[in-house]
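*Asks:* Structure in structure tokens, see below.
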Amino acid sequence: MVATPEGWCAVTTYSLRIRPDLLQVFWAGMQAGDFLTDAVLPLGVDRRTGTRILVAAGGVRPRRGRDLKGRCLTFADREEIAIMRAQGKSLRQIAAVIGRAASTISRELSRNTARGSAYRATTAHVLAYERASRPKPAKLHVNFELRAKVEKDLRKKYSPEQISGRLKREFPGREEMRVSPETIYQSLYVQSRGALKQELTRHLRTGRALRSPSRKTGQRKNRIPNMINISERPPEASDRAVPGSWEGDLIIGKGNLSAIGTLVERSSNYTMLVALPDGYKAEQVAPALARKIQQLPEQLRVALTWDQGPEMRDWEKVRIATGIEIFFCDPKSPWQRGINENTNGLLRQYFPKGTELGGFSEEHLDAVAAELNDRPRKRLEFQTPIEVIGNVLLQ
């Protein structure tokens, strides 16, 4: 689309002798980044007249390099739509004539028809330009009622997502009382969009004055080579009634400098702890994990499910050394290892957060695991994990 500014009507009033199709060429040149002297050549006027056209259009100059031609509707397209609409043509008939999809025509009519009037090409072109223009005024800057409501809810410690969802329930018929969670976050953290006072960040759950950047899309890609997703885990490995399916993870020590590996059997809650005295990088985790799994009888080496932590980059070495199949959970899905997550919480009774974990010997960790395996569990009808899995271990 070659967008025409809000002042289209003012421009045509100012200079009725300039044909709309020539004005279209003028705005196309401005859109492509031409200098004003070059853009006015098709109009047959001088630079001063071009400046007056810009002033009449509100002083708006299209951004250089923003070429929408070919993708969006032109003024000529909109004139065709207006004529055929007045003739009672269907959306599909209009679309066939101008070479567009029927859905494009439908959106054009719903978006760019002025309220209470028929579809007009000039009005539609102005409305489309307003929508496409950047930068737009921040919603929380111009809507004082909305801003006051958001500030009030932030002070009540509502999250941006809760505020956004609540606005839809409290103001069901008012589109102007809508704001996305991301808009609220940006208004708090991005200075140029700072309609909300930055001091309100202390009411957020994190309380951070600066926003921590989120992981970019695709950043985890190939973090663990050739990994097999949990969706491919066979039914017998997913069935808690069948022994030999394990869930694994790390509990992290003081300053993120040390860790202990945890393995929990899904059918019995039987727990094993893996000592990592030298650290928890991939090259340290793989051999320690393999040695621990090799202590199990082969019938208990069915499957192991882990999260997508970088410590499991060498998972294929573990599989080769032990014969156990290894699967990986989806990102940010701890419920896919629910038993392991629960067990890690119990282990914090023995290893509180902030504890240095690298100094514990394998004998000490085995003693902690033995105590945990002798603890009755409600899920097991108050049997202990060692009682449930004991017969298999003794075979």
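*Asks:* First measure r as the distance between the Cβ atoms of S106 and R379, then evaluate 1/(1 + (r/R0)^6) with R0 = 51 Å and state the FRET efficiency to the nearest 0.05.
*Replies:* 0.40
*Asks:* Can I ask one more? How do W27, W246 rank when sorted from fewest to most other Cβ atoms within 10 Å of their own Cβ?
*Replies:* Values: W27 24, W246 29.
In increasing order of surrounding Cβ atoms, one gets W27, W246.
*Asks:* If each residue of separation counts as 0.36 nm, what is the full-extension length gain between E145 and R202 once their alpha-carbon separation is subtracted?
*Replies:* Working it through step by step, the gained length comes to 18.3 nm.
*Asks:* Any chance you could run the full-extension gain for E232 through V97? It's 0.36 nm times the residue separation minus the Cα-Cα distance, nm to one decimal.
*Replies:* 43.7 nm
*Asks:* Quick one: Cα convex hull volume of the stretch 281-325, Å³ per residue?
*Replies:* It is 58 Å³ per residue.
*Asks:* Filter the cross-link list K281/K317; K152/K197; K292/K317; K156/K197; K149/K197; K139/K168 down to pairs whose alpha-carbon distance in this structure exceeds 19 Å. Walk me through the numbers before you get to the answer.
*Replies:* On the way: K281/K317 14 Å; K152/K197 12 Å; K292/K317 14 Å; K156/K197 15 Å; K149/K197 13 Å; K139/K168 16 Å.
Cα-Cα > 19 Å for no pair; all within.
*Asks:* Please list the three semi-axes, largest first and in whole Å, of the ellipsoid equivalent to the stretch 302-395, using sqrt of 5 times the eigenvalues of its alpha carbon gyration tensor.
*Replies:* Working through the eigenvalues yields semi-axes of 23, 19, 16 Å.
*Asks:* Tell me, in nm to one decimal, what length is gained between K254 and L22 on full extension, where the rule is 0.36 nm per residue of separation less the Cα-Cα distance?
*Replies:* 76.4 nm
*Asks:* Select from the stretch 295-395 those chymotrypsin sites (Phe, Trp or Tyr not before Pro) which occupy a DSSP coil region and have at most 16 other Cβ atoms within 10 Å, ordered by residue number.
*Replies:* On the way: sites: W306, W315, F327, F328, W335, Y350, F360, F382; in loops: Y350, F360, F382.
Here the chymotrypsin sites (Phe, Trp or Tyr not before Pro) that fit, given the DSSP loop and packing criteria, are F382.
*Asks:* For the stretch 323-381, which trypsin sites (Lys or Arg not before Pro) are both in a DSSP coil and crowded by at most 15 other Cβ atoms within 10 Å? Provide the component values of the computation, followed by the final result.
*Replies:* Values: sites: K332, R337, R348, K353, R377, K378, R379; in loops: K332, R348, K353.
Of the trypsin sites (Lys or Arg not before Pro), the ones in loops of the stretch 323-381 whose Cβ has at most 15 other Cβ atoms within 10 Å are K332, R348, K353.
*Asks:* Also: Please work out the C-alpha center-to-center distance from the stretch 316-395 to the stretch 87-129 and express it in whole Å.
*Replies:* 63 Å
*Asks:* Then there's this: Sorted from largest down, give the three principal axis spans of the alpha carbons of the stretch 139-203, whole angstrom values.
*Replies:* 31, 23, 17
*Asks:* Next up: Go through the stretch 245-259 residue by residue and turn each phi into a ³J(HN,Hα) via Karplus (6.51, -1.76, 1.60, θ = phi - 60°); whole Hz please, and just put x for glycine and proline.
*Replies:* 9, 10, 10, x, 6, 10, 10, 9, x, 4, x, 6, 9, 9, 7
*Asks:* Something else: Using label points projected 7 Å from each Cα along Cα→Cβ, tell me how many nm separate E371 and E316, to one decimal.
*Replies:* Modelled inter-label distance: 4.1 nm.
*Asks:* Continuing with the same structure: HN-Hα J couplings of the stretch 172-189 from phi, Karplus 6.51/-1.76/1.60, θ = phi - 60°, integer Hz, Gly and Pro as x?
*Replies:* Residue by residue, the stretch 172-189 yields x, x, 10, 5, 5, 9, 10, 7, 7, x, 5, 4, 5, 4, 5, 5, 7, 9 Hz.
*Asks:* Could you compute Rg(Cα) / (2.2 N^0.38 Å) for the stretch 230-394, with N its residue count?
*Replies:* Output field value: 0.96.
Throughout, read-outs are computed from the coordinates displayed, never taken from laboratory work. Please read these numbers as outputs of a predicted model, since none were measured by experiment. Neighbour counts run over all protein chains shown; Cβ positions are idealised from the backbone, glycine included.
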